[in-house]
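One structure is given below, encoded as structure tokens.
The numbers here are math on the coordinates, done by the rules we state, and not lab data. Nothing here was measured: the structure is a model prediction, and the numbers come from that model. Note: ideal-geometry Cβ built from the backbone for every residue, glycine included; neighbour counts use all protein chains shown.
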Amino acid sequence: MNTRIIGVSVPRKEGRDKVTGASRYVDDIRFDGMLHGATVRSSVARGRILKIDFDPRIPWAEFTVVTASDIPGQNCVALLIEDQPCLADTLINHPEEPVVLLAHPDKYLLEEARRAVRIDVEPLAAVFTIDDSLARKQLIWGDDNVFKSFCVEKGDVDSIWHAAAFVVEGEYETGAQEQLYIEPQGMIAQANAANGVTVWGSLQCPHYVHKALTRLFALPKDRIRVVQTETGGGFGGKEEYPSMIACHAALLAWKSGKPVKIIYDRAEDMAATTKRHPSRTRHRTAVSRDGRLLAMDIDFTLDGGAYETLSPVVLSRGTIHAAGPYYCPNVRIRSRVVATNAPPHGAFRGFGAPQSVFALERHLDRVAEAIGLAPDEFRRRNFIHEGQTLAVNQVIRERVDLDRLLDRALELSGYHSKRRQFQEENRNAAIKKGIGFATFLHGAGFTGSGEEYLASEVALEATRDGQVRVLAGSTEMGQGTNTVFAQITAETLGIDYAQIEILQPDTALVPNSGPTVASRTTMIVGKLVESAARALQHSLMERGLLKPDYAPVEFTAACREYIDTLGSLKSLIKYQHPSDLHWDDQRYQGDAYGAYAWAAYVAEVSVDTRTAEVRVDDFVAVQEVGKVINPVLAAGQIEGGIAQGLGFALYENVVWQEGRMLNAQMTNYIMPTSMDVPPIRVFFEENPYARGPAGAKGIGELPLDGTAPAIANAIAHATGADITRVPITPELLLEMLEAAHA
Ligand code: MTE
Ligand code: MOS
């Protein structure tokens, strides 16, 4: 395919505004008479609210005070279900649960007032661990503490164990992880009976917020408007929680009659908003004498926190990815997400897959060792090939060549020679070196029939001077939506990149193109953009205004003529589910995703055995992602994801006490800095995906899946420690090193 601008690293559409400071983030926006809003939260994990006490030293008459009784509609933050209250009314189910809202023109007085509200609570016994929740020590959600469970069955695992040459078991855990977007969460609202409710804020999914506000205010849809302001990163953390803050700001605005702004500081953001779900995975694996997978029995559990939020979706993706890119005739994956009295865990880049893939890729290295095969040789004997089925019985119809990806990654990293060399040199060294890898896949877009239900829409609109505007609800949060949409449109229409404008997502102006999640924007929504561009072009050609092989100036002339004679020139495209993709939601089988990206990542580490500090010295990431639309942005996605995966693997440790995050500061919640991130060498293989725009697949979350297990496998190689948990903090590694010695 000859492309002009696809595959070219054009500058970001919004890049100039970002670097010159012209971009307007939510906290840059001010309205006349605006108040600041604050949230009074519970300090206990579980209990019954007895009384709310307002210290008389505060001039409360100057404040707007909102409690649950002020809610005009339903007291919930509507998402998948309606279990989460917008403000706790009678029961507290987690620390940091919002109970009272305050607004005042003076931010500082507001903070004093916040501290002067006391919530009297009669404590109730709470649940803080997966095991206590499963054992129903206390019933804290529904009739079994389980938000959602899945069971995937392929073949018959139980008929295999007795005949297998090897059976290897393992148990793996991952911790919570904070998204740590640069810009904390924030919203501004205007709300009154005359004009309805409008909010502006930092968010990923304008239509999620729209739905929540509609329910909370019991207003018709057209009285609610949600506008995305420039967003300084989301990473999944701005999927659910912006609905909560929008509801809060809107309630204060409704009651005060004034615009209200709520901006979280870092500590509030870290303590109160969603994080990656902690997980536990158990594996039991049967392998033949010649190293072929015979049966995989996988048990995957997530800690969901106190309310359901997006947990079922996170569990779903984690479940489907749990058996990896391997062919195995017998697989059973049982999974569930359970309630605990911690703030709800939620979406974070990878949606459960980084958890289950860590377990799998670490486990497979341990299986390889147990059966006496090299880790790469064991993987190669089991890689999935075209025509074979994944755990969910999805037949792989695209070309997939994991051997080639692994070859390339091992070669570029010098894996084989280093593997030998390090083993030699480590013997008497205090600083031991190791090299390890992970091979994995990641499906983009909503699972199964999800895209069909979403039925996303995108519109394009041309102006008289040949500018083309993209109208979509998809948000830019640094990952490149604006640039990629503009490249696809310019390429399809044969016009200049500068002729494309991306409209700011505003539910009053753009169609619902679905949430900006699940790495779906380029692959799914981008395809709609491409189709809408074709439709626009077709309108012009059909009228004889444009001939094939036109120049950009001719496109402009055609737009002018069309608009002058026929009125507006627009196209609207709605998602059509491919008729050959089938998904059975009951049995959890079928075409889980339209396409997968495939990858092999290699990490090289040094471990100081005296301090148990780990350094990642080199990282090679080879992936097949369909067609690369913008090489610089694509490499940026991979590098950023690996940095985030490195934090997940080594540093980012949430310290919990009775459901509350104790280290909600960037001084004691340690994330990698540029000093901790190794050179990341990114390589793409291109195998255009027939259904992607210009052949592209989704890549946004992929890098999170393979990074932690590659690092863990490298540490195990360096030290012999049997790593089964992340983050591998020095404290944890010391324990594991001692265990390995004993
Ligand atoms: N990259 C940047 N710079 N900022 C982000 O917030 N979010 C990630 C990923 N990459 C994110 C990012 C997550 S969680 C997802 S699901 C995808 O981008 C979403 O964008 P996409 O659909 O365009 O891949
Ligand atoms: Mo990403 S976790 O799907 O926003």
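Compute, for the stretch 520-577, the length of the dipole vector about the Cα centre, with Cβ point charges of +1 (Lys, Arg) and -1 (Asp, Glu) only. Units Debye, rounded to 20.
Details: 8 positive and 6 negative charges, 68 e Å.
Dipole of the stretch 520-577, to the nearest 20 debye: 320 debye.
To the nearest 20 debye, what charge dipole does the chain have about its Cα centre, counting +1 at the Cβ of each Lys and Arg and -1 at the Cβ of each Asp and Glu? Each step should come with its number before you reach the end.
On the way: 76 positive and 94 negative charges, 114 e Å.
Dipole magnitude for the chain comes out near 540 debye.
With point charges of +1 on the Cβ of Lys and Arg and -1 on the Cβ of Asp and Glu, referenced to the Cα centre of the stretch 1-89, which listed residue (84, 19, 72) lies farthest in the positive direction of the dipole?
19
Which one, 442, 410, 459, is farthest towards the positive end of the dipole of the stretch 397-460 when Lys and Arg carry +1 and Asp and Glu -1 on their Cβ?
The listed residue farthest towards the positive side: 410.
How long is the gain from residue 738 to residue 411 if the chain were fully straight, where each residue apart is worth 0.36 nm and the alpha carbon distance is subtracted?
Working: separation 327, 0.36 × 327 = 117.72 nm, distance 3.33 nm.
114.4 nm is the gain from fully extending residue 738 to residue 411.
At 7 Å along Cα-to-Cβ for each site, give me the label-to-label distance between residue 455 and residue 566 in nm.
2.6 nm
If R₀ is 41 angstrom, what is the calculated FRET efficiency for the pair residue 670 and residue 138, using the beta carbon separation as r and rounding to 0.05? Intermediate values should be presented prior to the final figure.
Details: r = 33 Å, r/R0 = 0.80.
So the FRET efficiency works out to roughly 0.80.
Report the calculated FRET efficiency for residue 543 and residue 74 (r = Cβ-Cβ distance, R0 = 41 Å), to the nearest 0.05.
Details: r = 49 Å, r/R0 = 1.21.
With a Förster radius of 41 Å, E is 0.25.
Take the alpha-carbon centre of the stretch 310-345, take the same for the stretch 230-267, and report the distance between them in whole Å.
30 Å
Show which aspartates and glutamates lie in cross-link reach of residue 527 when reach means a straight Cα distance below 12 angstrom and same-chain residues fewer than eight apart are skipped.
Qualifying aspartates and glutamates at Cα under 12 Å: 457.
Just subtract the alpha-carbon distance of residue 288 and residue 404 from 0.36 nm times their residue separation and send over the number in nm, one decimal. It would help to have the intermediate numbers written out before the result.
On the way: separation 116, 0.36 × 116 = 41.76 nm, distance 2.42 nm.
Using 0.36 nm per residue and subtracting the Cα-Cα distance, I get 39.3 nm.
Which pairs break 30 Å Cα to Cα here: 107/275; 154/275; 275/697? Can you show the working numbers first?
Details: 107/275 27 Å; 154/275 32 Å; 275/697 26 Å.
Over 30 Å Cα-Cα: 154/275.
Compute, for the stretch 423-534, the length of the dipole vector about the Cα centre, with Cβ point charges of +1 (Lys, Arg) and -1 (Asp, Glu) only. Units Debye, rounded to 20. Numbers along the way, then the final one.
Numbers: 8 positive and 13 negative charges, 95 e Å.
Result for the stretch 423-534 is approximately 460 debye, rounded to the nearest 20.
Taking only C-alpha pairs under 8 Å that are 6+ residues apart, what is the relative contact order of the chain in percent? Walk me through the intermediate numbers first.
Working: 1846 pairs, mean separation 117.2, N = 742.
Here the relative contact order equals 16 percent.
Is the stretch 435-481 best put as rounded, prolate or oblate by its Cα gyration tensor, with a ≥ b ≥ c the root eigenvalues, rounded for a/c under 1.5, and otherwise prolate when a/b is larger than b/c, oblate when not? Display every interim value, and only then the final one.
Working: a/c = 4.07, a/b = 1.81, b/c = 2.25.
It comes out oblate by the Cα gyration axes.
Could you tell me the distance between the Cα centroids of the stretch 34-68 and the stretch 536-599, to the nearest Å?
51 Å
For residue 108 and residue 151, FRET efficiency with R0 = 41 Å and r from the beta-carbon atoms, rounded to 0.05? Write out the running numbers ahead of the final one.
Numbers: r = 54 Å, r/R0 = 1.32.
Efficiency at R0 = 41 Å is approximately 0.15.
Could you give me the percent of Cα pairs per 20 Å distance bin for the chain, shortest bin first, beginning at zero and ending with the bin that holds the maximum distance?
Pairs per bin, as whole percents: 17, 49, 30, 4, 0.
Given the Cα-Cα distance of residue 496 and residue 677 and 0.36 nm per residue of separation, how much length would full extension add, in nm?
Value of the extension gain: 61.5 nm.
Could you sort 443-449, 242-248 so that the peptide with the highest average Cβ count within 10 Å comes first and the rest follow in order?
242-248, 443-449
7 Å from Cα along Cα→Cβ at both residue 534 and residue 55: what's the point-to-point distance in nm?
Once both label points are built, they end up 6.5 nm from each other.
May I ask what percent, to the nearest 5, of DSSP beta bridges between residues of the stretch 617-710 are antiparallel?
Numbers: 3 of 9 bridges.
Given both bridge residues lie in the stretch 617-710, the antiparallel proportion sits at roughly 35 percent.
I'd like to know how the stretch 600-664 sits against the 2.2 N^0.38 Å rule of thumb: what's its Cα Rg over that expected value?
Working: Rg = 16.2 Å, N = 65, 2.2 N^0.38 = 10.7 Å.
Normalised Cα radius of gyration, the stretch 600-664: 1.51.
Could the peptides 143-153, 690-700 be put in order, highest first, of the mean number of other beta-carbon atoms found within 10 Å of their residues? Please report the intermediate quantities before stating the final value.
Working: 143-153: 17.2, 690-700: 24.4.
Sorting 143-153, 690-700 by mean packing, highest first, produces 690-700, 143-153.
Starting from the Cα of residue 91, step 7 Å toward the Cβ, then list every residue of the stretch 204-248 with an amide N under 17 Å from that point.
Within reach of a label on residue 91, which here means backbone N under 17 Å from a point 7 Å along Cα→Cβ, the stretch 204-248 contributes nothing.
Under a 5 Å amide H to amide H cut-off, with H placed in plane at 1.01 Å, what residues pair with residue 145 once short-range neighbours are removed?
Amide H neighbours of residue 145: 140.
Per DSSP H run of at least 4 residues, take -39500 (n - 2.57); add these up for the chain, divide by its residues and hand me the 222 nm value, nearest 500 deg cm²/dmol.
-9000 deg cm²/dmol
Say each of residue 17 and residue 30 gets a label point 7 Å from the Cα, pointing the same way as Cα to Cβ; how far apart are those two points in nm?
Going by the 7 Å Cα→Cβ label model, 2.0 nm.
Using the per-residue mean of other Cβ atoms lying within 10 Å as a proxy for protection, in what order, highest first, do the peptides 328-334, 229-235, 393-399 fall?
Values: 328-334: 21.1, 229-235: 22.9, 393-399: 15.3.
The most tightly packed comes first, giving 229-235, 328-334, 393-399.
Which is farthest toward the positive dipole end of the chain among 216, 663, 539, measuring Cα position about the Cα centre, with Cβ charges +1 (Lys, Arg) and -1 (Asp, Glu)?
The one lying farthest along the dipole's positive direction is 539.
Give me the one-decimal Kirkwood hydrodynamic radius in Å for the stretch 207-305, with the sum taken over alpha-carbon pairs. All intermediate terms of the calculation are to be shown ahead of the outcome.
Details: mean 1/r = 0.0577 Å⁻¹.
For the stretch 207-305, the Kirkwood estimate is 17.3 Å.
Which of rounded, prolate or oblate describes the stretch 531-638 when judged by the alpha-carbon gyration tensor and an a/c cut-off of 1.5? Don't jump to the answer; show the numbers that get you there.
Values: a/c = 4.28, a/b = 1.99, b/c = 2.15.
Cα axes put the stretch 531-638 in the oblate bin.
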